[in-house]
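Trainee: Mind looking over this structure? Questions follow.
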Amino acid sequence: MSFALPIAFTLAALAVPIMGLYVLKVRLRRVPVSTNLFWKQIYDEKPPRSIWQHFRHFVSLLLQLLLLLLIVLALSDPYFSWQLLESRRLVVVFDNSASMRATDIGPSRLAAAKSAALEIIDGMRFRDEVAIVLAGSTPEVIVGMSGHAPTLRDAINTLSFSDNPTHLVAAIELGHQLLDQHPHGQIFVMTDGAIDSQDLPLPSALESNASLDPTSVAPHKTQRMASVVEYHLFATAAANVGITQLQVRRSLIDPLGYEILASVRNASANQVACRLEFLLNDVPVDVIPLILKPEEIWSRAIEKTSLEGGRLEGVLTQIHGIETKDVSEKTNATKLDTLDFLSTDNNAWALLPSRKTQRVLLVSPGNLFLQKVFEANPLAEVSIRRDFPAQWPVDSIIVLHGNVPSILPPGNVFVIDPMGSCDQWEQGVAIETPIVTEQNKSSPLMNHIRLDNVLIPDAKQLLFRTPPQALAKTLSGESVYAEVQRPEGKCLVLSVNLETSDLAFRTAFPILVANSLGWFSGSTGELQQSLPTGAVTTVTINRATRVSDDVVLNSPHGETTVLFVAGPDSVNIPLTAVGSSQSATIGPLHEVGVWSVRHGRKETTADIPANILAEVAVNLASNRESDLRPAKELVESRQTHFPAAGWLRRPFWYYLVLVACSLTILEWFLYQRRLIS
């Protein structure tokens, strides 16, 4: 036996005063009496004893010394060598993905996993250590290696759900690092098995990977990774129907139109009847009844029209029950369930960019194609002039065709086939070989446009006073379509002669005009992609943001994260300037719904639309998470029992203290019985 604190044996010196108290001769009190005849007789029968003859109250003294010995031993923290040699290091990996919200195991799969993990804590022995790892979007160590059971229990009880997909591989690798090749290390994975088995270190998967690439994983490491991992499943073969995809974008042809791309999966072995409803800003726009065959994935693009944009929500409602089978039972009995065990994938969101009507002043000597391409756009309110107005309107996009004034008007200006010079450029000679060979594909102005096969004869060279942002260049490097940088407003220049070019007959021309109108209005994106849970993204914020207000990120359920604190001395996540806007990186987005970036704090501005700077739609969008059935390989390899504590599960001092307390009770009992005094 060894002792963790041998210095505690110095407390054994307390035995000296204890023995001194027992052998101390009590001084008799003098009392006058009428006669000493009777006292002399007692003195002759019981003569006085010396303190060195024997101890008085020997039983009581023995109990007191034994009690002191037990206390000293307990303080020295004794332990046996085999307790160190057989101590275990355990890592409990929790899967808190979206599928762990399923209620086929009441009250939820995660709650059942937490209850089972508490059994592991109850089974800890002396010198055992346990770590808690959460397999979120990135693995997270909730509690490092610790033998303090209350801390571990509190950590397990505080674990919460997330809507992230399952990411167990990185968490298991982190568990191996925590074990640090301990001889009695073990990793317990608490999961529902809703994961592709090839992504897990199962013996079968590792052997197949090694056979494909012998150099990928060392054989001894492969065997060890598989041997220390145990999977404990908390799932049934519950059927589920969920929305696995929802995207929306503006139509490339109809300025008011938009297209919805939706997918629904029936992850069951039975036919299911359900209803898919779409709502735009809480107003129903379509209802689609569905009858899905077993394992069927329904996908469709749906065309709609709306001038307004906003939040598009897809709601899936089950009409009839679906059949489920419990994998934990040996029988093949089935039952009909009318409840949906997973609600996370019953709703999905997408953001539809809004359309705004704009006033357009067309100053042109007359071109029917140019006039009709603007008039055909329902977002443009066109007015036409042949000469320059006395005063330029401030609320209109000014389209100058042909002649240009010496000074371009302030505001948004679109110049087509300029004839002459102005304050922004000098007109040069005709361009040799006017063939477009280079396009700026990253610019939203060039979305869905190809000019490399367009004939553009008579294109003039423009010598810009300030280098522009070229959108289309010829073989000689001349810009025929460019964005001019100027403080008075946005400006586009297209140096193409519409009379001699075939651009007006191409489908690229109305798309080019539609892109320019969207760019002038600030709504350049036709698709604001919905993201899967766990994603990290960058949002663009208008630089007109009031610097006196904080910028916060609000989750769908109201959690607030400060991105930017107003003031020069406190910045949480700095906003990076990108062109005329600012950007901020947000994420991981672990919750389904619509996340918003706002001015000010949530409690004061959550319901004010003007304070919304950017929004991001987040959906589960995972076929595997919507399939609640565990992987077959995990069902075959799962464990059902946890390690027991065995003998001496508590430290040895704990039992010494129990014996000391028992001796105290024994002494009290003997004293009350007058067996000792």
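The values are calculated or read from the model by the stated rules, or taken from the named source; none is laboratory data. Everything quoted here is computed from the prediction, not taken from an experiment. Note that we place each Cβ from the backbone using ideal geometry, even for glycine, and neighbour counts take in every protein chain shown.
Trainee: Provide a single number: the residues in segment 402-421 that are modelled with pLDDT under 95 and in contact with a Ser or Thr (Cβ under 7 Å, 6 or more places away or on another chain).
Mentor: 3
Trainee: Against the condition among the aliphatic types (A, V, I, L, M), within 12 Å of VAL92 (Cα to Cα) and either assigned by TED's automatic domain parsing to the domain that holds HIS590 or touching a Ser or Thr at 6+ places or on another chain (Cβ under 9 Å) (or both), how does VAL189 come out, does it pass?
Mentor: no
Trainee: Can you tell me how many residues within segment 144-189 are among the hydroxyl-bearing types (Ser, Thr, Tyr) and in contact (Cβ under 8 Å) with a residue 12 or more places away in the chain? Full working, then the answer.
Mentor: Kept after step one, since they are among the hydroxyl-bearing types (Ser, Thr, Tyr), are these residues of segment 144-189: 146, 151, 158, 160, 162, 166.
Right, trim to in contact (Cβ under 8 Å) with a residue 12 or more places away in the chain and you get 146, 160, 162, 166.
Total meeting the criteria: 4.
Trainee: Next up: Check whether at least one residue in segment 569-584 is at pLDDT 85 or above and outside any loop (DSSP other than H, G, I, E, B), and report yes or no.
Mentor: No, segment 569-584 contains no residue that is at pLDDT 85 or above and outside any loop (DSSP other than H, G, I, E, B).
Trainee: Kindly indicate which of ILE384, ILE397 is under 17 Å from ARG486 (Cα atoms) and β-branched (Val, Ile, Thr). Give the steps one after another, and end with the answer.
Mentor: Values: ILE384 fails: under 17 Å from ARG486 (Cα atoms).
Unique residue meeting the criteria: ILE397.
Trainee: Please verify whether ARG300 is touching a helix residue (DSSP H, G or I) at 6+ places or on another chain (Cβ under 7 Å) and charged (D, E, K, R), treating the condition exactly as stated. Reasoning before the result, please.
Mentor: Details: touching a helix residue (DSSP H, G or I) at 6+ places or on another chain (Cβ under 7 Å): no; charged (D, E, K, R): yes.
It is false that ARG300 is touching a helix residue (DSSP H, G or I) at 6+ places or on another chain (Cβ under 7 Å) and charged (D, E, K, R).
Trainee: So which strands (runs of 3 or more DSSP E) stay within segment 413-515 end to end and still have 2 or more residues that are in contact (Cβ under 8 Å) with a residue 24 or more places away in the chain and of a type in the set (A, V, I, L, M, F, W, C)? Before the answer, list the steps.
Mentor: Working: elements: 413-419, 425-430, 436-439, 460-464, 469-474, 479-484, 491-494.
By residue number, 413-419, 425-430, 460-464, 469-474, 479-484, 491-494.
Trainee: Let me ask something else. I'd like the full set of residues that are touching a Leu at 6+ places or on another chain (Cβ under 8 Å) and within 20 Å of LEU252 (Cβ to Cβ), limited to segment 434-450.
Mentor: First, the residues of segment 434-450 that are touching a Leu at 6+ places or on another chain (Cβ under 8 Å): 435-437, 439-440, 443, 445-446, 448-449.
Result: GLN439, ASN440, SER443, LEU445, MET446, HIS448, ILE449.
Trainee: Return a yes/no flag: does segment 204-225 have any residue that is over 30 Å from LEU292 (Cα atoms) and modelled with pLDDT of 60 or more.
Mentor: From segment 204-225, those over 30 Å from LEU292 (Cα atoms) are 204-225; that's our starting set.
Next, only the ones that are modelled with pLDDT of 60 or more stay: none.
Scanning segment 204-225 turns up no residue that is over 30 Å from LEU292 (Cα atoms) and modelled with pLDDT of 60 or more.
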